[in-house]
Amino acid sequence: MDPNSDAIFSQLAELQKKIREKLQGLKVSSTAGGGMVKVECDGYGNILKLQIEPEVVDKKDVELLEDLIKAAVNEARSRSRKQATEEMQKLIGIPFPDIMGGLPV
């Protein structure tokens, strides 16, 4: 294999490692219902933390709680995708569109 190719593959592997570390370390949070539901995601959109205030739990209105959780999760994942794209642009050094294309991370 060409020595230049080896260097390029080595650089790409290092860049991939940096991106992975950055995304794993990224923490993005969101709330819904005036802070009654809080969600924290990593750069991959994985939920790291979900907090629900006890007063929002009402057996007679489970649908409200479901809606609040869904809203908080969707917003946190959206923010996660946006920040992940920004971080990767910084590491790569060139602008590019949302790499997730609006799809879940």
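A few points about this structure:
- Residue in the stretch 40-49 that is assigned to a helix (DSSP H, G or I) and among the polar types (S, T, N, Q) present: no
- Pair list, Cβ under 9 Å, 6 or more apart: the stretch 78-105 residue at pLDDT 85 or above and outside any helix (DSSP H, G or I), other residue surrounded by fewer than 17 Cβ atoms within 10 Å (Cβ to Cβ) and among the small types (Gly, Ala, Ser): none
- Test: ILE19 is surrounded by 14 or more Cβ atoms within 10 Å (Cβ to Cβ) and not hydroxyl-bearing (Ser, Thr, Tyr): yes
- In the stretch 34-49, the residues that are of a type in the set (Phe, Trp, Tyr) reach residues that are in a loop (DSSP other than H, G, I, E, B) and at pLDDT below 95 with C-beta atoms within less than 7 angstrom, at least six apart or across chains, in these pairs: TYR44/VAL105.
- Residue match in the stretch 53-66 (condition: assigned to a helix (DSSP H, G or I) and closer than 18 Å to THR85 by Cα): no
- Considering residues of the stretch 26-75 that are small (Gly, Ala, Ser) and closer than 24 Å to GLN16 by Cα only, the residue surrounded by the most Cβ atoms within 10 Å (Cβ to Cβ): GLY43
- Candidates SER10, SER29: the one that is in contact with an Asp or Glu (Cβ under 6 Å, 6 or more places away or on another chain) and either closer than 19 Å to GLN83 by Cβ or modelled with pLDDT of 85 or more (or both) is SER29.
The values are calculated or read from the model by the stated rules, or taken from the named source; none is laboratory data. In this text the structure is predicted, and so the values were computed from the model without any measurement. With ideal geometry, Cβ positions are generated from the backbone for all residues, glycine too; neighbour counts draw on all protein chains shown.
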